[in-house]
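What follows is a single structure, written as structure tokens, with notes after it.
The values are calculated or read from the model by the stated rules, or taken from the named source; none is laboratory data. Given the structure is predicted, the values throughout are model-derived calculations rather than measurements. Here the Cβ is made from the backbone with ideal geometry for all residues, glycine too, and neighbour counts use every protein chain on show. Protein only, heavy atoms only, side chains kept; ligands, DNA and RNA dropped before computing areas. Shrake-Rupley method; radii C 1.70, N 1.55, O 1.52, S 1.80 Å.
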Amino acid sequence: MNLVFLALVVVAFATAAWRQWQWQPPAQAPGAAAEGAAAQGAQAAQAASSPMEQLSAGMISSASGAIELAIGLVGVMALFLGLMKVAEEGGMLVVLAKLIRPLLVRLFPQVPANHPAMGAMVLNMSANALGLGNAATPFGIRAMQALDALNPRPGTATNAMVMFLAINTSSVTLLPAKVIAIRAASGSMDPAGVLPTTLFATAASTLAAIVAVWGLQRFFPVGQATPQELAMQRPWVSEPAGGEGDSALAQQQAYPLWVSLLALAAVALAIPASIVWGKRIAPWIVPGMMVGFLLFGWLRGVRIYEAFVEGAKGGFEVALRIMPYLVAILVAVGMLRSSGALDVLVGALAVFTAPLGLPAEALPMALLRPLSGSGAYGVMTATLTDPAIGPDSYVGYLVSTIMGSSETTFYVLAVYFGAVQVRRIRHALLAALLADAVAVMASVAICSYLFAGR
């Protein structure tokens, strides 16, 4: 992210400097200041501004807008994370984990069914499905540490590791809570309208990730371990890989396979149903989700008020924590736009992507999403709050769907592989990027079908 941020700023500055070098102040017609000031004041000031002055104004405007957006996001984030806390304490993660386990046993044949890695992986994927990003990362690191205990060649990713990372970066998302929150904060009249599009796109990308891992692993063999690799210090292997929660989960009896297959079929049927009736059910989703989660927690014996308040505190902290990131990336993106560099880059690529349903306004999201999560959130918020676009336009739905249906691939690979000192990642990056590309294509397809013309 350091290089991405620096590159955005330097490119913007260099472009503005080049335009400033060639810029000539516009000639003012006699009497224009006296006669046309009232009618053309703002336009004249804009035309008379030099490229560097426009760059400076864009920086200040973007920084102010980022703070205003973050403050407006506090309440929405607190609401959704409060509901997530109620669902988590009610045991929804455990229910999802028991549903997923019979399928994971077949996706990870090298991992024993009751191995601690299995419990950590199902918790990680369940947290991702519910949009609990903060909870998913520690579970993922635990899973990688447990998988490394089965690794015959330390420092090299196993087939199970690659499969886990590919699924993690493309996991099916049932509730893109942060995306919905940002859409609501941006003034959307249908903030949950991206649920069916996100479900469709993540289902397609997850299937693509699994197929890519299976198809590519033969071309990237693990190989034999060297004495130096076998002597590598791995303290996480001799220590327990997970906490009490995932250890207990590993010992729990999973649901029968037919139950898991029924659940998978229900998810598969929900995709076409959401496409057909998505516009009708979208206004019911947010109120129904709040009632449903609170009733679920109450029936499970959760003190729902206290749990909601505890989760809302986390939402407040998350909103404050992302404020500096929003300022940084929105200023960088604002500089890129004010300098004219973004128009040049996007204009060159849009010639090829626009006929395919990926317009120039959505290209920055597609390009930045695998590189930086905070940067992608900044691009999404900047797009949704653009008066010329708006959150309920085709572009608004498209960038929201791309955001919710893909993951920050380079960040996930760096964090998870770095936790177990894996340097040879084999086909993990290629499979993950293929899944990201499928997520973008699926997002374009479903949004074109549902929201074309907006």
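A quick yes/no check of all residues on (1) modelled with pLDDT of 85 or more; (2) crowded, with 24+ Cβ neighbours inside 10 Å:
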site: Ala129; (1), (2): no, no
site: Asn134; (1), (2): no, no
site: Gly140; (1), (2): no, yes
site: Pro154; (1), (2): yes, no
site: Ala157; (1), (2): yes, yes
site: Met163; (1), (2): yes, yes
site: Ile167; (1), (2): yes, yes
site: Ser170; (1), (2): yes, yes
Pairs needed: first member in segment 400-412, among the aromatic types (Phe, Trp, Tyr); second member anywhere, modelled with pLDDT of 80 or more; C-beta distance under 7 Å; at least 6 residues apart or different chains. Phe410/Pro370
It is to be established whether one or more residues within segment 349-362 are on the phi < 0 side of the Ramachandran plot, open to solvent by 20 Å² or more (accessible area, probe 1.4 Å), of a type in the set (S, T, N, Q) and touching a residue at least 40 places away in the same chain (Cβ under 8 Å). no
From the option list Val194, Val162, single residue qualifying as touching a Lys or Arg at 6+ places or on another chain (Cβ under 8 Å), among the aliphatic types (A, V, I, L, M) and more than 26 Å from Leu81 (Cα to Cα) is Val162
Pairs returned, first residue in segment 63-89 that is at pLDDT 70 or above, second residue that is acidic (Asp, Glu), beta-carbon separation under 7 angstrom, 6 or more apart or interchain, are Lys85/Glu310
Go through the residues of segment 318-325 one by one and say whether even a single one is surrounded by 15 or more Cβ atoms within 10 Å (Cβ to Cβ), out of contact with any Asp or Glu (no Cβ under 6 Å at 6 or more places or on another chain), modelled with pLDDT of 75 or more and closer than 29 Å to Asp436 by Cα. no
